[in-house]
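The values are calculated or read from the model by the stated rules, or taken from the named source; none is laboratory data. Since the structure is predicted, the reported quantities are computational estimates derived from the model, not experimental observations. Glycine gets a Cβ as well: all are built from the backbone with ideal geometry, and neighbour counts include every protein chain shown.
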Amino acid sequence: MKILLADDHAPTREELASLILKQEDLTVVGQATGGEDAVHRTRELRPALIVMDINMPDMNGIEATRAIRASDPDVLILALSNHTGSDLVKAALDAGAAGYVRKDQAYEELIPAIRAVAAGKHYIGTRVND
């Protein structure tokens with residue numbers, strides 16, 4: 001499965017990439033540094049799934065999710081954020097994300113979340129509304 005990572009912090013993208021690349025059937029095809037970049041890179045790279053930070057410059061992850069899903073409804077999006085209030089989670093899901101994981105839970109939950117979303121299920125992390 002081809003995955004695009006969208007997060008404005010390079011160390012976070014690298015950490016996520018290292019988790020994903022430990023899986024034989026998953027590959028990171030690119031990285032985006034903001035929402036507008038995510039929209040552009042999605043058109044260019046055609047990933048199957050995007051791990052999308054919610055709080056990014058130029059266009060936040062919710063707006064980017066909405067734009068990407070409007071142009072390509074088959075792309076799966078997994079929201080990832082430090083901010084996990086119920087209104088934010090609902091906004092991400094309403095925009096078209098199929099799951100939501102807290103960044104501080106990514107080590108434990110990223111791969112199971114990717115697999116659930118890829119299987120057509122929704123995934124809400126265990127500590128999302130804490």
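A few notes on this one:
- Which numbered condition Ala70 misses (of (1) among the small types (Gly, Ala, Ser); (2) out of contact with any Lys or Arg (no Cβ under 9 Å at 6 or more places or on another chain); (3) surrounded by 20 or more Cβ atoms within 10 Å (Cβ to Cβ)): (3)
- Of all residues in region 40-56 being part of a loop (DSSP other than H, G, I, E, B) and of a type outside the set (A, V, I, L, M, F, W, C), the one that is surrounded by the most Cβ atoms within 10 Å (Cβ to Cβ): Pro47
- Breaking point among (1) touching a Ser or Thr at 6+ places or on another chain (Cβ under 6 Å); (2) charged (D, E, K, R); (3) closer than 21 Å to Val29 by Cβ, for Arg102: (3)
- Among residues that are in contact (Cβ under 8 Å) with a residue 12 or more places away in the chain, of a type in the set (A, V, I, L, M, F, W, C), touching a strand residue (DSSP E or B) at 6+ places or on another chain (Cβ under 9 Å) and crowded, with 23+ Cβ neighbours inside 10 Å, Ala32 is included.
- A count restricted to region 84-96 and to residues that are within 16 Å of Gly125 (Cα to Cα), surrounded by 13 or more Cβ atoms within 10 Å (Cβ to Cβ) and either of a type in the set (Lys, Arg) or over 11 Å from the mean Cα position of the chain (by Cα) (or both) stands at 5.
- All told, Leu110 meets the bar of being closer than 14 Å to Ile3 by Cβ, among the hydrophobic types (A, V, I, L, M, F, W, C), modelled with pLDDT of 95 or more and crowded, with 17+ Cβ neighbours inside 10 Å.
- Of all the residues in region 27-64, those that are more than 14 Å from Leu5 (Cβ to Cβ) and under 11 Å from the mean Cα position of the chain (by Cα) number 1.
Rundown of residues vs (1) modelled with pLDDT of 95 or more; (2) not in a helix (DSSP H, G or I), yes/no style:
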| position | (1), (2) |
| --- | --- |
| Gln23 | yes, yes |
| Gln31 | yes, yes |
| Ala38 | yes, no |
| Asp58 | no, yes |
| Ile77 | yes, yes |
| Thr84 | no, yes |
| Lys90 | no, no |
| Asp94 | yes, no |
| Ala106 | no, no |
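- Contacts under 8 angstrom Cβ, first residue in region 100-113 being farther than 12 Å from Leu19 by Cα, partner surrounded by fewer than 20 Cβ atoms within 10 Å (Cβ to Cβ) and of a type in the set (Asp, Glu), 6 or more apart: Arg102/Asp130
- Qualifying positions in region 108-125 - touching a helix residue (DSSP H, G or I) at 6+ places or on another chain (Cβ under 6 Å) and in a loop (DSSP other than H, G, I, E, B): Gly125
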